[in-house]
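Below is one structure, written out as structure tokens; the observations come after it.
Nothing in this text is a laboratory measurement; each read-out follows from the coordinates by a stated rule. This one's a predicted model, so the numbers in the text were calculated from it and none came from an experiment. All Cβ positions, even for glycine, are placed from backbone atoms using ideal geometry, and neighbour counts span all protein chains on display.
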Amino acid sequence: MDPAPLPRSEAAGPAPFGRRPCEVSENRASGGYRVFSLLDREGPEPAPGQFYMLATERHWSERGERPFLPRAISVAETGPAAAGVRLDFLVEGVGPGTDRLCELATGDRVWVTGPLGNAFSEPRQVRPGAAGAILVGGGIGVAPLALLRRRFGERNVPVRVLLGFRDQTHSGGLDDLFGCCEVRLASEDGHAGHRGYVTDLLAAMLAGDDAGSAVVYSCGPPAMLEAVRSLCAGREVACQLALESPMACGFGACFGCAVPKPDGGYMRLCIDGPVVRGDQVAEVPHA
Amino acid sequence: MPELCGISLAHRVINASGTYDAIAARQVFGDAVLEEFPFAAFVSKTITPEPRVGNAPRRIWETPAGMLNSIGLPNKGLAGFLEQDLPRLAELPVPLIVSVMATSRPEFAKLVEAVGARDEVAGIELNVSCPNVHSGLIVGEQPAETEALLETLRPLTAKPLIVKLTPNVADPAAVAVGAERGGADAVSLINTLKASAFDPATGTPALAAGHGGLSGPAVRPVAVQQLRAVTAAAGLPAIGMGGIASGVDAAEFLAAGATLVAVGTESFRDPKAGSRVAAELDLARPKEATAHSALDLE
């Protein structure tokens with residue numbers, strides 16, 4: 001039997017305790033985004049869906065103001081490196097923290113805690129009898145789906161990939177992270193693929209022949225994730241969603257990343273997620 | 001060896017209540033958390049008589065050199081804590097201080113009696129930043145209310161009672177004196193400063209609750225001044241906290257009169273900040289810290 005992806009704590013042992021400095025080995029433009037790589041000499045290889053808390057060693061709160069808290073960023077790709085594990089992150093500068101991460105230069109160091117959180121599961125673990133996977137990514141949320149697609153490919157899980165972007169400026173990662181596979185695209189401005197939403201592509205696919213035997217995996221902006229969740233719920237298709245929530249620590253300490261559960265109360269997304277089944281949330285929270 | 005009210009400690013750095021979930025940390029980082037536990041004592045999240053789910057999100061907001069939070073004290077309630085959490089916290093390699101909060105003296109008494117009766121518990125911290133349902137007053141904002149609460153609780157346990165002072169008063173020293181008169185063994189300060197921010201994207205309050213508590217280096221000078229005032233007025237040992245992120249910061253609090261210091265928000269940025277601050281404190285002499293601060297002024 002194929003080994004199944006498991007939450008990291010079961011798969012590769014816990015994350016190293018504490019934060020550690022990791023060197024930047026590369027930082028390049030990828031469409032309107034950046035992809036930077038870190039050399040992690042200590043940590044285990046992450047599983048798809050897991051994230052790290054990142055803060056640059058220099059110019060991060062040391063002069064006051066912001067950024068102050070580390071940022072939770074999903075890992076987009078990983079692989080063995082000369083002296084450890086290579087971690088690739090896809091980022092878009094949308095505030096003081098991600099702007100600073102975008103500026104990283106080769107040789108800079110980044111404080112890293114992780115890998116944190118749970119991971120995506122294989123289709124048959126989500127729903128017995130489900131053979132294939134449909135990956136639905138939007139914007140910067142395509143990142144964790146890149147590693148997921150590669151892992152599924154290695155395990156001969158049939159994968160279809162649907163990615164959507166707002167416009168050319170707000171798009172990226174395609175050649176770097178999805179270069180080797182067939183991707184169906186949607187863009188709101190029509191610059192690539194279907195003019196409209198990626199969820200239009202998903203709706204058409206789910207209306208087709210064998211989509212009921214597949215599990216949907218999705219990451220992207222809250223409105224897109226909610227559309228995916230609701231489409232899947234309406235057609236009784238199982239789905240796993242990688243959510244986002246404001247997070248100060250990433251290891252269960254701050255209780256900031258509360259996400260409402262359908263039966264009342266809250267989960268802590270950092271330790272109970274970031275990957276949830278569609279039926280674990282009443283609706284996707286607006287991050 | 002440092003000690004607080006008879007509790008022997010390996011060093012002078014503990015955690016601020018509500019800023020570290022040792023059970024979750026062990027789930028994430030494994031038993032390394034026990035082997036390299038960052039704090040000389042562990043202060044639990046605040047326990048209330050009944051379970052609480054906490055506030056609706058959004059709960060946190062980054063600010064200049066700090067953050068706002070309005071978490072709302074999610075906890076399993078007294079029974080859930082005693083049954084599920086206390087056995088796991090008892091496995092920590094350091095003394096355990098349990099933080100409690102209630103909205104009336106009888107409810108507070110119930111918590112202190114139940115928690116105080118457990119051998120696993122070395123001390124009790126009283127979170128008094130809550131209203132008394134009978135008077136409508138925030139206990140920790142009133143010296144007389146604080147004194148009366150301590151007079152109720154003092155006979156119920158021989159264990160140290162630590163009063164967590166709120167900074168949101170004109171005269172925290174008067175409240176500390178009230179706590180001392182009522183029989184408290186120590187005070188801890190500061191709790192977070194009441195604060196707000198608006199989300200520039202929406203023009204509405206950034207936190208769902210409308211306001212929250214400010215923590216992080218932004219509050220440090222306020223904490224140092226309140227610590228000076230409190231230790232000058234009351235004869236109780238004080239646990240100083242408020243934006244401590246380094247050994248130099250901790251030395252400043254010791255110079256201002258603290259017996260111990262606590263690390264809160266910095267643990268979010270560095271899960272082992274407690275050990276780092278303790279190690280740096282060994283090297284940070286107050287004279288050097290003062291000289292450094294003075295030279296750094298531009």
How many nm separate the modelled label positions at B:Val133 and B:Glu91, each set 7 Å beyond the Cα in the direction of the Cβ?
3.6
For the range B:143-293, alpha-carbon Rg over 2.2 N^0.38 Å:
1.14
Taking a cut-off of 14 Å between Cα atoms, list the aspartates and glutamates near B:Lys76, but don't count ones fewer than 8 places away on the same chain.
B:Asp21, B:Glu50, B:Asp85
Largest first, please: the extent of the C-alpha atoms of the protein assembly as shown along each principal axis, to the nearest Å.
77, 52, 48
Using θ = phi - 60° and the Karplus curve 6.51 cos²θ - 1.76 cosθ + 1.60, what whole-Hz ³J(HN,Hα) does each residue of the range A:68-75 get, with Gly and Pro shown as x?
10, 7, x, 9, 7, 10, 5, 7
Need one number: the % of Cα-Cα pairs in the range B:79-159 sitting beyond the 14 Å mark.
62
What FRET efficiency comes out for B:Gln84 versus A:Arg41 if R0 is 30 angstrom and r is the Cβ-Cβ distance? Round to the nearest 0.05.
0.20
Restricting to DSSP H runs of at least four residues, report the calculated mean residue ellipticity at 222 nm for the protein assembly as shown, -39500 (n - 2.57) per run over all residues, nearest 500 deg cm²/dmol.
-7500 deg cm²/dmol
Residue (of A:His194, A:Pro158, B:Ile124) at the positive-pole extreme of the protein assembly as shown, dipole from beta-carbon charges:
B:Ile124
Tail weight of P(r) past 31 Å, computed on alpha-carbon pairs of chain B, percent:
24
Using distinct alpha-carbon pairs, which all enter the 1/r mean, Kirkwood radius of the range B:19-125 in Å
15.0
Excluding A:Val161 itself, what net charge comes from residues whose Cβ is under 9 Å from its Cβ, given Lys and Arg +1 and Asp and Glu -1?
+2
Counting only other chains, and only Cβ atoms inside 10 Å, what mean value do you get across the residues of B:210-218?
1
Interchain or long-range residues, amide H under 5 Å from B:Trp61's placed H
B:Leu68
What is the Cα radius of gyration of the range A:123-242 over 2.2 N^0.38 Å, N being its residue count?
0.97
Expected sort for B:223-229, A:69-75, A:102-108 on mean C-beta neighbours within 10 Å, highest first, is A:69-75, B:223-229, A:102-108
Interatomic Cα distance distribution for the range A:244-287, bins of 10 angstrom, percent
32, 58, 10
Given the C-alpha centroids of the range B:182-202 and the range A:94-158, what is the distance between them in whole angstrom?
37
With the contact rule set at Cα under 8 Å and sequence spacing of 6 or more, what percent relative contact order holds for chain A?
18
Averaged over peptide A:17-28, how many Cβ atoms belonging to another chain are found within 10 Å of each residue's Cβ?
3
Restricting attention to the range A:140-206, which trypsin sites (Lys or Arg not before Pro) occupy a DSSP loop and are surrounded by at most 14 other Cβ atoms within 10 Å?
A:Arg155
If I take the Cα coordinates of the range B:95-205 and project them onto the principal axes, what are the three extents in Å, biggest first?
52, 29, 24
Sparse-neighbourhood loop sites, GluC sites (Glu not before Pro) in the range B:89-142 - DSSP loop, at most 15 other Cβ within 10 angstrom:
B:Glu91, B:Glu120
When the scattering of the range A:209-287 is computed by the Debye formula from its Cα atoms alone, each counted once and equally, what is log10 I(q)/I(0) at q = 0.15, 0.21 Å⁻¹?
-0.50, -0.89
Let me check against my output: what whole-number percent is the relative contact order of chain B, with C-alpha pairs under 8 Å and at least 6 apart?
18
Using Cβ contacts closer than 10 Å as the measure, can you line up B:Val13, B:Val53 from fewest to most?
B:Val53, B:Val13
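Mind sorting B:Phe37, B:Phe198 by how few other Cβ atoms lie within 10 Å of their own Cβ, fewest first?
Numbers: B:Phe37 21, B:Phe198 12.
In increasing order of surrounding Cβ atoms, one gets B:Phe198, B:Phe37.
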If I take the Cα coordinates of chain A and project them onto the principal axes, what are the three extents in Å, biggest first?
55, 40, 37
Could you go through the range A:28-45 in sequence order and give the Karplus-derived ³J(HN,Hα) for each residue, using 6.51 cos²θ - 1.76 cosθ + 1.60 with θ = phi - 60°, rounded to whole Hz, and x for Gly and Pro?
10, 5, 9, x, x, 9, 10, 10, 10, 10, 10, 9, 9, 7, 10, x, x, 5
What average number of partner chain Cβ atoms lie no more than 10 Å from the Cβ of the residues making up B:65-78?
3
